[in-house]
Amino acid sequence: MRKIATEEAWSIPEVAAELQKVAHGPSQSLDKLLVRGIYDAGHGGPYDNMNFLEGLLDAEGERLRQMDEYGVDMHLLALTAPGVQMFDADTATDLARLANDRLAEICRRHPTRFAGLASFAPHSPKRAAKEMERAITELKLNGFMINSHTNDEYLDDPKFWPVLEAAEALDRCIYIHPRAASYGFKGPLQDYGMDSAMWGYGMEVGTHAVRMMTSGLFDRFPKLKICIGHMGEAVHFWLWRLTYMNSRAQDAGRAPRTQLTMDEYFRRNFVITTSGVEDPLALRYSIDKIGIDNVMWAIDYPYQPMKPAVDFMEKADVTAEEKAKLYHRNAERIFHIAPEGVAAGAERMTLVAEQG
Ligand code: 1WB
Ligand code: MN
């Protein structure tokens, strides 16, 4: 069965070099722990010696070899967190373009093995919208990736409407991946390794998603699709209480009136992936709670290894129909990835053209 892993991290040397500068810069962001450790390793700290950089900078080498070994057909690649969002708006705009060009080249060389989510600089929303259009219409990328807040601001802020308008008009999903919590939110997350993937990331993106729903944003953008990873960052576990308490907050005048309930927004406007959470009960709950059409498989490579993520799915207590949707059919629909036969035909044509 075709296996498409939908949240796979990747980077380019130019972005890595700019993040190394951030490691020495004035930023007070909680992301600096990670940025120092990965992009400026050797100075101590929690991420030192984790050696993710090699895996991030590679697509067609060891990554592809492991994909072959473990039967992973395709990685949906995206520039890894924090993307371009810690750079000034001009640098971010330029590097997003460069990363998108490189990503498109990789996808063109291996149309059955790689698809890609485009980056953009949210802090320059109008230029971002232009780049989003280029990424889909010219580069043929598959959707977009944003790494939660930008300079501590979230997508419910009207300044980001051009970005959301572009995504909706292009009919492409925005994947919200975590980065470390925004400045005002970081206090209790600074200790005990809680800043990142263990807890802080989920708090950050969960809060982002809830802000989007409670703000009424989806009444303005009813067709906007948002993807969240790491088993939905547990937001759907909260749906009953979110719905109940938001209704009370609306009645008390503490939250804007919305056309739909929080539960209805989540089912209409969100999809989730399993990235980094290999828990069979959480998978079963997700399928039963938000529907099999809204859940996709992902690995979270290279932060997590490929084999256990494949084993998790192979052992999962799901029907053959459910497995096909989790492994590839939902990803093909949400990210406009050509079905297997069509993609293989395109790859053969490319090979024939290259060989003359
Ligand atoms: C880690 C995980 C680091 C993720 C990341 O940096 C991301 C980690 C951007 O395991 O330390 C992730 O996406 O889950
Ligand atoms: Mn991840």
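Among residues belonging to the stretch 19-52 that are in contact (Cβ under 8 Å) with a residue 40 or more places away in the chain, farther than 18 Å from HIS177 by Cα and of a type outside the set (S, T, N, Q), point out the one that is surrounded by the fewest Cβ atoms within 10 Å (Cβ to Cβ). Looking at residues that are in contact (Cβ under 8 Å) with a residue 40 or more places away in the chain, farther than 18 Å from HIS177 by Cα and of a type outside the set (S, T, N, Q), I get PRO46. Right, TYR265: modelled with pLDDT of 95 or more, more than 16 Å from ligand 1 (Cβ to nearest atom) and either surrounded by 20 or more Cβ atoms within 10 Å (Cβ to Cβ) or not in a loop (DSSP other than H, G, I, E, B) (or both) or not? Yes: the conditions hold for TYR265.
Conditions (1) more than 16 Å from ligand 1 (Cβ to nearest atom); (2) in contact (Cβ under 8 Å) with a residue 40 or more places away in the chain; (3) crowded, with 18+ Cβ neighbours inside 10 Å, marked per residue:
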site	(1), (2), (3)
HIS149	no, yes, yes
ALA180	no, yes, yes
ASP195	no, yes, yes
GLY200	no, yes, yes
GLY206	no, no, yes
ASP219	yes, yes, no
LYS223	yes, yes, no
ASN246	yes, no, yes
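No other residue among ALA16, ALA59 is within 16 Å of ligand 1 (Cβ to nearest atom) and among the hydrophobic types (A, V, I, L, M, F, W, C) apart from ALA16. Within the stretch 110-144, the set of residues being in contact (Cβ under 8 Å) with a residue 60 or more places away in the chain and out of contact with any Cys (no Cβ under 9 Å at 6 or more places or on another chain) comprises HIS110, PRO111, THR112.
Name every residue in the stretch 10-32 that is outside any helix (DSSP H, G or I), out of contact with any strand residue (DSSP E or B) (no Cβ under 7 Å at 6 or more places or on another chain) and not polar (S, T, N, Q), in order of residue number. Of everything in the stretch 10-32, those that are outside any helix (DSSP H, G or I), out of contact with any strand residue (DSSP E or B) (no Cβ under 7 Å at 6 or more places or on another chain) and not polar (S, T, N, Q) turn out to be ILE12, GLY25, PRO26, LEU30, ASP31. Among the criteria (1) within 19 Å of LEU242 (Cβ to Cβ); (2) surrounded by fewer than 19 Cβ atoms within 10 Å (Cβ to Cβ); (3) more than 20 Å from the chain's Cα centre (by Cα), the one THR214 does not fulfil is (2).
Listed by first and then second residue, the pairs with beta-carbon distance under 8 Å, at least 6 apart or on different chains, first residue in the stretch 78-100 and of a type in the set (Ser, Thr, Tyr), second within 16 Å of ligand 2 (Cβ to nearest atom) and in a loop (DSSP other than H, G, I, E, B), are THR80/SER11.
Among the residues of the stretch 33-76, those identified as among the aliphatic types (A, V, I, L, M), assigned to a loop (DSSP other than H, G, I, E, B) and under 22 Å from GLU7 (Cβ atoms) are MET50, LEU57, ALA59, VAL72. The set of residues in the stretch 183-204 being farther than 13 Å from LYS32 by Cα and either in contact with a strand residue (DSSP E or B) (Cβ under 8 Å, 6 or more places away or on another chain) or acidic (Asp, Glu) (or both) consists of ASP191, GLU204. On inspection, VAL84 passes the criterion of being of a type in the set (Val, Ile, Thr), buried (at least 20 other Cβ atoms within 10 Å of the Cβ), in contact with a Leu (Cβ under 8 Å, 6 or more places away or on another chain) and assigned to a loop (DSSP other than H, G, I, E, B).
Scan the stretch 213-223 and give yes if some residue there is within 16 Å of ligand 2 (Cβ to nearest atom) and touching a Leu at 6+ places or on another chain (Cβ under 9 Å), otherwise no.
Filtering the stretch 213-223 down to residues within 16 Å of ligand 2 (Cβ to nearest atom) leaves none.
Looking through the stretch 213-223, none of the residues is within 16 Å of ligand 2 (Cβ to nearest atom) and touching a Leu at 6+ places or on another chain (Cβ under 9 Å).
The rows are residues; the columns are (1) in a helix (DSSP H, G or I); (2) of a type in the set (S, T, N, Q); (3) surrounded by 15 or more Cβ atoms within 10 Å (Cβ to Cβ); (4) out of contact with any strand residue (DSSP E or B) (no Cβ under 6 Å at 6 or more places or on another chain).
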position: LEU281; (1), (2), (3), (4): yes, no, no, yes
position: SER286; (1), (2), (3), (4): yes, yes, yes, no
position: ASP293; (1), (2), (3), (4): yes, no, no, yes
position: ILE299; (1), (2), (3), (4): no, no, yes, no
position: TYR303; (1), (2), (3), (4): no, no, yes, yes
position: VAL318; (1), (2), (3), (4): no, no, yes, yes
position: ARG329; (1), (2), (3), (4): yes, no, yes, yes
position: HIS336; (1), (2), (3), (4): no, no, yes, yes
position: MET349; (1), (2), (3), (4): yes, no, no, yes
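The values are calculated or read from the model by the stated rules, or taken from the named source; none is laboratory data. Since we're looking at a predicted model, the values are computed, not measured. No Cβ is skipped: glycine too gets one built from the backbone with ideal geometry, and neighbour counts run over all protein chains shown.
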